[in-house]
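Chemist: Please read through the structure below; I'll follow up with questions.
The values are calculated or read from the model by the stated rules, or taken from the named source; none is laboratory data. Every value quoted in this text rests on a predicted model; they were computed, and no experiment measured them. Cβ coordinates were reconstructed from backbone atoms using ideal geometry, including for glycine residues, and neighbour counts include every protein chain displayed.
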Amino acid sequence: MIRCPDCAAELDVDEDEVEEGEILSCPECEAEMEVTQTHPVHVNVISEDDEEEEDEEGEDDLAEKKEGGSVSTSQAI
């Protein structure tokens, strides 16, 4: 049995049934956590800030590709 690092709720996780890298969700506070070790089970909370940064980076990459595509198109004309 492990506890949610955010709210300390008990999570019913069998270390034989989870895999490293698996994402779990707390039923109480809905925090998402990644399994970092299976015997014994250890988890790290995935912060919302990290997710927002990844989303922003993805949007930046798309914007750069679009800008790059339009620049090369105008140069070709």
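Chemist: Going by the conditions given, is residue 71 at pLDDT 60 or above and either among the aliphatic types (A, V, I, L, M) or in contact with a strand residue (DSSP E or B) (Cβ under 6 Å, 6 or more places away or on another chain) (or both)? First the steps, then the outcome.
Modeler: Numbers: at pLDDT 60 or above: no; either among the aliphatic types (A, V, I, L, M) or in contact with a strand residue (DSSP E or B) (Cβ under 6 Å, 6 or more places away or on another chain) (or both): yes.
In short, no.
Chemist: Filter segment 29-48 for residues that are part of a loop (DSSP other than H, G, I, E, B) and within 19 Å of the chain's Cα centre (by Cα) and give the result.
Modeler: The answer is 29, 30, 31, 46, 47.
Chemist: Next up: Does segment 45-53 include one or more residues that are of a type in the set (S, T, N, Q) and at pLDDT 60 or above?
Modeler: yes
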